[in-house]
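Presented below is the structure to which this report refers.
The values are calculated or read from the model by the stated rules, or taken from the named source; none is laboratory data. Please read these numbers as outputs of a predicted model, since none were measured by experiment. No Cβ is skipped: glycine too gets one built from the backbone with ideal geometry, and neighbour counts run over all protein chains shown. Remember, those area values only see protein heavy atoms, side chains included, never the ligands or the DNA or RNA. Shrake-Rupley method; radii C 1.70, N 1.55, O 1.52, S 1.80 Å.
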Amino acid sequence: MTDYQSSPSTVCPLCAVGCRLTPGEEHRARGVVGPANPNGRLCRKGVEAYRVGDADDDRLTEPLVRRADDLEAVSWNAAYECVVDGLAGIQATHGPDALAFLGAPHCTNEENYLLQKLARTLGTNKVDNRARLCHVSSTRALSEQVGWPATTSSLTELEESDVILVAGANPAERQPIAFNSFVRPAVINGATLVHVDPVGNRTTRLAEYHVAPRPGMDALVFDLLSATVIAEHNRDREPKGVDHEFIDDRTRGYDSFVASIAELDRTHAVSTAGVDEATIEQVVDCLTDADRVAALVGTGTEGDRGDPNAAEALVNLLLVTGNLGRRGAGLYVLRGLVNEQGSTDAGCVPDRLPGHQPVTDTEARSRVASEWGVEPPSDPGKTASELLAAFGDDVRGAVVVGENPAISKRESDWIRRRLNALDLLVVLDIYPSKTTRHADVVFPVVAGVEKEGTFTNLDRRIQRSRPTRAPPETARSDFAVLCELGNRLFEDRDYFDYSAVGEVFDELTDVAPTHSGLSYAALGPEGCQWPVDSDGVLYGESFDTPDGLASFGNPQYKFEPENGVVDPAVDGGLRLVTGGRAGEFEVDHSVSTQRLRMHPTDASDRGIEPGAAIVVSSGQTTVETTVETTDRIRQGTVYLSAEVADPFLRCETSTVAVKPTSEPTEGSN
Ligand code: SF4
């Protein structure tokens, strides 16, 4: 273990926990004590952080430009000229909205900021990154009900929680250092862990209560908990559970929420959700006895578009019990990729400027214009999946930074046609990929452990990343490439005239109210959470809503005939539940050696033998793998690691079909 104050260290680029590390022996990483890994430990993936972009790997080392059918090595100047001519030509011929810009949740805040600034100074809001698709329900509920799409408290405060409710997540495997540094000690010291998840996993082992609803029924479980807490409170001679003082002072919409939730038939709800009534009663007792409840939510609660929003139901439960805006309480979004939070904070999304300010907000645009010297456009752009579908039609040119859409979206022929239909595809990456095969210009850039900049972890902590390994001599930083492109595109302006990464961060703090008061130079070894004066807890005094009050949403589940007991297996579809270990490296999703877990009855109903090769599909998205049958998974549900399930998560679906393949795939039994 190394002390971070005496040894150069960087942020682990493999997940959103934000552990600090430094090079160790034999290309392995060594943990360095940091705010997210206070014991200086790394998980087994983090130990391999230096594997990404290792010198022995097949790194991109020279700029490439397409000549006829082949990518040929060219000088940096020639590559820049090609891109600038191409982007300027498309802008002049088709207008700025014919350009698209895709950032990434594993790029730094500064890289995502520069990319969205490049898009907006050119005149388009067509900029996005796939972090916006992760935890979409949680972030939407937080934005609409309390303010910002971000974790409301700090990991360190979990030691003050009486109840920790983990929903749709497996942090014991997915965020192991956070789990072992903050959740496990809290439980050892007396906190009660409640795990809500259709599938038992490593997190369940530490839980006192496991609520295992049918997939897609999380919202109903949280509505049921709210309804029962309110009912018990009204019946009890010593009322507890419902925090009326908090509700009266800090929320709106409670009366109508109570009126609606009173219609919930709790017996019907228990049977529809498929949960154990006694367990629900015990969990309600825990919630009503607790002074502080923290809820940790993962992607497992994200349903299909149009499904009840489990996160909204969970926020309602936290509001009923007065568990927002206080230490040891709140909603934690268990983000996966290293800069999922920061990439959207930096404005790399089509409808928000840096700091989550709507592009439609005149005052926000003026604030940005006063720094940039040019006002961003006011019409929201398109999402990444909409942009991809428009490649070759409305969109003629695209700049892709650190992303590989060719392996991660829909089926390969469709992707190929879309990428090839562009007049200009520019890719910044460290490896050749399926996307670079279709590129017109490729820039070789540096890997995560070679970068300078900042990352924002899952509890809003911004930490500096420092180069801890030399990149290939011929590679350049994304910062350098984006600045050079900006300077060449706006040669008579100083929009991109930065001499250091820190200047970009400081500009971000000027345009984003969330980051106001921070500065690159003042980010010490522990980093800093945004907003600067929050002391780790958001909404201590008021919520970030127009009237400062949090709003109750509606109960999420209604007992209409079509919402009776839902068995996703009825029409042949299966509910996809995902999870996985921290920081898996990018995988080719088209064929995976990681198995799909399935109930034996579901497998035999489909003529699938244990170990057989199968195709998992939803619409145009398919993944090939093999089956592991187990009765530890509920019928009607299948489990796939999040990394392999990524294409399904990206097209916002959680219902899949599973069929045997006609030919066994490599590696099947
Ligand atoms: Fe920490 Fe995540 Fe890296 Fe593991 S992968 S060392 S949990 S940041």
* Asked: Restricted to the stretch 19-38, and to residues that are closer than 22 Å to THR156 by Cβ and away from the ligand (no atom under 11 Å from the Cβ), which residue is surrounded by the fewest Cβ atoms within 10 Å (Cβ to Cβ)?
  -> PRO38
* Do you know which residues across the stretch 138-147 are on the phi < 0 side of the Ramachandran plot and in contact with a strand residue (DSSP E or B) (Cβ under 9 Å, 6 or more places away or on another chain)? -> SER138, THR139, ALA141, LEU142, GLU144, GLN145, VAL146
* State all residues of the stretch 166-190 that are over 18 Å from the mean Cα position of the chain (by Cα) and open to solvent by less than 10 Å² (accessible area, probe 1.4 Å); if no residue qualifies, say none. => VAL183, ALA186
* Asked: Taking the stretch 39-59 as the region of interest, how many residues are surrounded by fewer than 22 Cβ atoms within 10 Å (Cβ to Cβ), within 11 Å of the ligand (Cβ to nearest atom) and small (Gly, Ala, Ser)?
  -> 1
* List the number of the failed condition for ALA73; all other conditions in (1) open to solvent by less than 10 Å² (accessible area, probe 1.4 Å); (2) of a type outside the set (Ser, Thr, Tyr); (3) away from the ligand (no atom under 16 Å from the Cβ) hold. => (1)
* Pairs where the first residue, in the stretch 470-487, is more than 15 Å from GLU110 (Cβ to Cβ) and the second is in a helix (DSSP H, G or I) and aliphatic (A, V, I, L, M), C-beta under 8 Å, 6+ apart -> none
* For the stretch 247-263, name all the residues that are open to solvent by less than 20 Å² (accessible area, probe 1.4 Å) and either hydrophobic (A, V, I, L, M, F, W, C) or free of Cβ contacts under 8 Å to residues at least 60 places away in the same chain (or both). => ILE247, PHE257, ILE261
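From the list GLY486, GLY502, which one is out of contact with any Pro (no Cβ under 9 Å at 6 or more places or on another chain), small (Gly, Ala, Ser), buried (at least 21 other Cβ atoms within 10 Å of the Cβ) and modelled with pLDDT of 95 or more?
Only one candidate qualifies: GLY486.
Would you check which residues across the stretch 469-478 are under 26 Å from TRP530 (Cα atoms) and surrounded by fewer than 22 Cβ atoms within 10 Å (Cβ to Cβ) and list them?
Selection gives SER477 alone.
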* Asked: Considering only helices (runs of 4 or more DSSP H) fully contained in the stretch 376-437, which possess at least 1 residues that are open to solvent by less than 10 Å² (accessible area, probe 1.4 Å) and hydroxyl-bearing (Ser, Thr, Tyr)?
  -> 405-408
* Please go through the stretch 111-146 and pick out each residue that is assigned to a loop (DSSP other than H, G, I, E, B), open to solvent by 10 Å² or more (accessible area, probe 1.4 Å) and in contact with a Ser or Thr (Cβ under 7 Å, 6 or more places away or on another chain). => CYS134
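Restricting attention to the stretch 286-299, report how many residues are surrounded by fewer than 21 Cβ atoms within 10 Å (Cβ to Cβ) and either closer than 28 Å to ARG174 by Cα or under 32 Å from the mean Cα position of the chain (by Cα) (or both).
3
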